[in-house]
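The values are calculated or read from the model by the stated rules, or taken from the named source; none is laboratory data. For clarity, every value in this text was computed on a predicted model and none was experimentally measured. For neighbour counting, all protein chains shown are included, and Cβ atoms are generated from backbone atoms with ideal geometry for every residue, glycine included. For the accessible areas, the whole protein counts, side chains as well, though only heavy atoms, and no ligand, DNA or RNA atoms are used. Shrake-Rupley method; radii C 1.70, N 1.55, O 1.52, S 1.80 Å.
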Amino acid sequence: MIGERIVQKVSSTRGFAKVAPHVIPALDRAVHRLTRGRFLLSAQMLPGVILTSTGARSGLPRRTPLACMPEDEGRSWILIGSNFGRDGHPAWTANLIAHPDAEVSWKGADIPVRATLLTGEERAAVWKTALAFWPPYATYQARVEREIRLFRIVRTTGGRPPE
């Protein structure tokens, strides 16, 4: 799809990495709130969740809109700490390492989850899938010296995923 390629090309630029972190999350939070959790603006290109984690240092709830890779029909998700290809891990990754129990808003439902930082062969396999899912992640990784963190978040309670 041509539109998708253009978005991927734009999202790989350094200019996008400077502007997007200040604009996209704020828009996503506002739209998510106005639609009562049913819509994320950025999810028009990539699936997305609103992650509510506990601050690693503050202990306070932190809400972060994130792109995700759904797995297992919405019972688990992969979160990619790309930080738009900027130096430094995004704060939400430190929050999940310190406090792996969190919540995601997915298609209007608030779902308790537990996060696991992926390492080794499991991380390598998921990274390969992530690159096929959204090729700009390769550009983000090439731009930074840190290894981009990948998390699998899994529902901690039963129930069916929202339709």
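Structure data summary
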read-out: In the stretch 49-69, residue modelled with the lowest pLDDT [restricted to those that are part of a strand (DSSP E or B) and hydroxyl-bearing (Ser, Thr, Tyr)]; value: 64
read-out: Residue 91 vs. criteria modelled with pLDDT under 65 and within 28 Å of residue 145 (Cβ to Cβ); value: no
read-out: Members of the stretch 66-89 that are open to solvent by less than 20 Å² (accessible area, probe 1.4 Å) and of a type in the set (Phe, Trp, Tyr); value: 77
read-out: Boolean, residue 29 is among the charged types (D, E, K, R) and either loosely packed, with under 15 Cβ neighbours inside 10 Å or at pLDDT 90 or above (or both); value: no
read-out: Subset tally (residues that are crowded, with 22+ Cβ neighbours inside 10 Å and not β-branched (Val, Ile, Thr)) for the stretch 90-101; value: 3
read-out: Answer from 74, 81 - the residue that is at positive phi and not hydroxyl-bearing (Ser, Thr, Tyr); value: 74
read-out: The listed residue being modelled with pLDDT of 90 or more and either open to solvent by 30 Å² or more (accessible area, probe 1.4 Å) or closer than 16 Å to residue 81 by Cα (or both), out of 113, 104; value: 104
read-out: Tally of residues being open to solvent by 10 Å² or more (accessible area, probe 1.4 Å) and either modelled with pLDDT of 95 or more or among the aliphatic types (A, V, I, L, M) (or both) across the stretch 130-140; value: 3
